[in-house]
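Following: one structure in structure tokens, then a few remarks.
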């Protein structure tokens, strides 16, 4: 998580927090990219068969659009070529400027680019990328007001921009449209935690655990929150469960 030079994380937060937070955010990004599959409609995004059927068309424009989406998706998810993916999605948008998925995909490419810039300590470039992320998700939501993935992913961008209240609003919208989106509860829980609203954060992580009970990082994050609230027994129980599910949490 990037902090400006005059910012420091809250001192009360234990050292484990940094690791858990990183896992939570990356997990949320994975949730946000569910809809990133060859430009399919967001409500059918997880079904590859529907994706293929969606793109049987004799229209030259549609065919070129499909190719741009496929090429961009491959560069983004398989090659790590984020700038190349952005260019492909630029072309997709040029061909079909009213297609919400094209904007969503480009926003996700900018999101990954921003994360890479953070890892390289290119903080100004990262902020610029995250601003582009928000703009693209804004347009995706304008075109498809019920696009849950776009709300959730925009929430991720707001977290990286340290706009936690805005992130909470977006995760809440994502949950409204997809009540079983565990990653949205996880992301909102993280935003509440950073605002030191630990009870609300625990509620969200608990709901995420109810939906995905085998996800170790959720227990680890909730363990930290219980620690913050002075509940060592509950914290230890969650650490033990996290360890049982994933040995990386056993240290």
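The values are calculated or read from the model by the stated rules, or taken from the named source; none is laboratory data. What you see is a predicted model; the values in this text were computed from it and never measured. For neighbour counting, all protein chains shown are included, and Cβ atoms are generated from backbone atoms with ideal geometry for every residue, glycine included.
A few notes on this one:
- Checking residue 234 against (1) free of Cβ contacts under 8 Å to residues at least 60 places away in the same chain; (2) more than 22 Å from the chain's Cα centre (by Cα); (3) under 26 Å from residue 169 (Cβ atoms), the condition it does not meet: (3)
- Any hit, segment 159-166, residues being within 23 Å of residue 85 (Cβ to Cβ), buried (at least 20 other Cβ atoms within 10 Å of the Cβ), outside the structural domain of residue 76 (by TED's automatic domain parsing) and in contact (Cβ under 8 Å) with a residue 40 or more places away in the chain: yes
- Residue match in segment 151-161 (condition: within 15 Å of the chain's Cα centre (by Cα) and at positive phi): no
- For segment 209-217, the condition of being in contact (Cβ under 8 Å) with a residue 40 or more places away in the chain, in a helix (DSSP H, G or I) and closer than 22 Å to residue 149 by Cα holds for at least one residue.
- All of (1) within 16 Å of residue 189 (Cα to Cα); (2) surrounded by 15 or more Cβ atoms within 10 Å (Cβ to Cβ) hold for residue 242 with one exception: (1).
- Extreme residue, surrounded by the most Cβ atoms within 10 Å (Cβ to Cβ), among residues of segment 141-150 that are part of a helix (DSSP H, G or I) and more than 13 Å from the chain's Cα centre (by Cα): 141
- Candidates 107, 155: the one that is surrounded by 20 or more Cβ atoms within 10 Å (Cβ to Cβ), under 30 Å from residue 198 (Cβ atoms) and either assigned by TED's automatic domain parsing to the domain that holds residue 214 or in contact with a helix residue (DSSP H, G or I) (Cβ under 8 Å, 6 or more places away or on another chain) (or both) is 155.
- Selection count, segment 119-140, where residues are free of Cβ contacts under 8 Å to residues at least 24 places away in the same chain and buried (at least 17 other Cβ atoms within 10 Å of the Cβ): 1
- Test set (1) assigned to a helix (DSSP H, G or I); (2) farther than 30 Å from residue 59 by Cβ - residue 121 fails condition number: (1)
- Matching residues, segment 79-103, being within 19 Å of the chain's Cα centre (by Cα) and not in a helix (DSSP H, G or I): 80, 81
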